[in-house]
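S.K.: Have a look at this one.
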Amino acid sequence: MNLLITGGAGFIGSHVVRLFVESYPNYNIFNLDALTYAGNLQNLVDVEEKANYTFLKGDITDAAFLEKIFSEHKFEAVIHLAAESHVDRSIAGPMAFVATNVLGTVNLLEACRRHWAGDYAGKLFYHVSTDEVYGSLGEEGLFTESTAYDPRSPYSASKAASDHFVRAWHHTYGMPVKLSNCSNNYGPNHFPEKLIPLAIHNIKSGKPVPVYGKGENVRDWLYVLDHARAIEAIFHRGKVGDTYNVGGVNEWRNIDLIELLCDVMDEKLGREQGTSRKLITFVKDRAGHDARYAIDSSKLMKELGWAPSVTFEQGLAKTVDWYLQNEQWLAEVTSGHYQQYYAQQYEAR
Ligand code: NAD
Ligand code: TYD
């Protein structure tokens, strides 16, 4: 099978690429990535020499480029992860989200439609999306696959739009598609603009750890390899046309999570307990900050037998260890553009 994975140099994509390259030597895996600030080939140094792996640098907003690679490589399946993925950046500059997440997704759907030309036997377009399309929960309840869409940030609106386009290509043109909507991921290779790696980086460097508002917003955290395993299961065994919600059954208020992380870091760094908590700094809230996300993954668990493989405590310990052992990776991604982003996002507050 010629399998195109988009966004494979990013956080989740790199774990998906590695899992597929290592587990399926008979698949030819093509990783298409524009290498934006969030894409980093360092994430895949251990797979780049594998015989079943090819990297294609390019942009999904460029239809002519997609036409060229689809003609050359005759992809039979696509796992689409490429996206602009950070809510704060979407608030500061929404157009990149419209371009990549909406237009880029439609470009890919159109490339598949042209090249598969109505012969959909053995073909699949798998779209990876987020639970943020469902909006914001109150204190009770969980997002299910039938929860109505109610996106509230430019990021989640662009992902919701892309989900609608994927379903429209299924209903209108008969294209075989699958979708999954996952909760917040964490783990190795996570770009340090997102809460957990940003906090690890700041705690390590003794810098303030910014907590938006009162820190009472709730997120449902899933270890990135467990998301990759869910994608693997849905890709092979999920029902065509269906959506699967993926979550960690692991809800945390931001402030509780950050306090736990401070304690784990104190232990790992040999600091006296309580030292890092002093770095916690409450800052101005995010505009339109969604209160709570929580996912009901029972369909995925019952139909496909998936379950998270690590507890949050185990996953967090593995994540902290990875960041402490990969200082070079962190130093590289936090130079240059990251410094500018950080200055704009935090120092102006
Ligand atoms: P990321 O920002 O770490 O990586 C995105 C990748 O896409 C990068 O490698 C980037 O270079 C690439 N990319 C961006 N624009 C591109 C373009 N125009 N053409 C080609 N490549 C482009 O994102 P992530 O956190 O790994 O998320 C991957 C996917 O999973 C996204 O679709 C996201 O919406 C979804 N998702 C993420 C989370 C999460 O917690 N991170 C949760 C649920 C769903
Ligand atoms: P983030 O990792 O950006 O993911 P998302 O917004 O997609 O859920 O943020 C997770 C939560 O942490 C969210 O409620 C916003 C909050 N947050 C902070 O309190 N401080 C920060 O510096 C960041 C980046 C996020």
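S.K.: Checking S309 against (1) modelled with pLDDT of 95 or more; (2) within 19 Å of the chain's Cα centre (by Cα); (3) surrounded by 14 or more Cβ atoms within 10 Å (Cβ to Cβ), which single condition isn't satisfied?
M.R.: Only one criterion is unmet by S309, namely (3).
S.K.: I need every pair where a residue in the stretch 266-291 that is over 20 Å from K214 (Cα atoms) has its Cβ under 9 Å from the Cβ of a residue that is part of a loop (DSSP other than H, G, I, E, B), sequence separation at least 6 or different chains.
M.R.: D266/E272; D266/Q273; D266/G274; D266/T275; E267/Q273; L269/T275
S.K.: Here is a list of conditions, (1) within 14 Å of ligand 1 (Cβ to nearest atom); (2) over 17 Å from G247 (Cβ atoms); (3) of a type in the set (V, I, T); (4) in contact with a helix residue (DSSP H, G or I) (Cβ under 7 Å, 6 or more places away or on another chain), and T100 meets all of them except one; can you say which number that is?
M.R.: (4)
S.K.: Now, a different point. Name the residues in the stretch 106-117 that are in contact with a Phe, Trp or Tyr (Cβ under 8 Å, 6 or more places away or on another chain) and either within 12 Å of L4 (Cβ to Cβ) or surrounded by fewer than 17 Cβ atoms within 10 Å (Cβ to Cβ) (or both), would you?
M.R.: L108, A111, C112, R114, H115
S.K.: Answer with yes or no whether A96 is surrounded by 16 or more Cβ atoms within 10 Å (Cβ to Cβ), in contact (Cβ under 8 Å) with a residue 24 or more places away in the chain and among the small types (G, A, S).
M.R.: So A96 fails the test.
S.K.: Taking the conditions exactly as written (away from ligand 2 (no atom under 14 Å from the Cβ), of a type in the set (D, E) and modelled with pLDDT of 95 or more), does D242 satisfy them or not?
M.R.: Answer is yes for this residue.
S.K.: I need every pair where a residue in the stretch 70-89 that is farther than 28 Å from H190 by Cβ has its Cβ under 6 Å from the Cβ of a residue that is within 16 Å of ligand 1 (Cβ to nearest atom) and in a helix (DSSP H, G or I), sequence separation at least 6 or different chains.
M.R.: So the pair list comes out as F70/A111.
S.K.: Take L56 and decide whether it is in contact with a Leu (Cβ under 6 Å, 6 or more places away or on another chain) and of a type in the set (A, V, I, L, M).
M.R.: Yes; evaluated as a whole, the condition is true for this residue.
The values are calculated or read from the model by the stated rules, or taken from the named source; none is laboratory data. Computed from a predicted model, the values in this text were never measured in an experiment. Cβ sites come from the backbone with ideal geometry, for glycine too, and all protein chains shown count toward neighbours.
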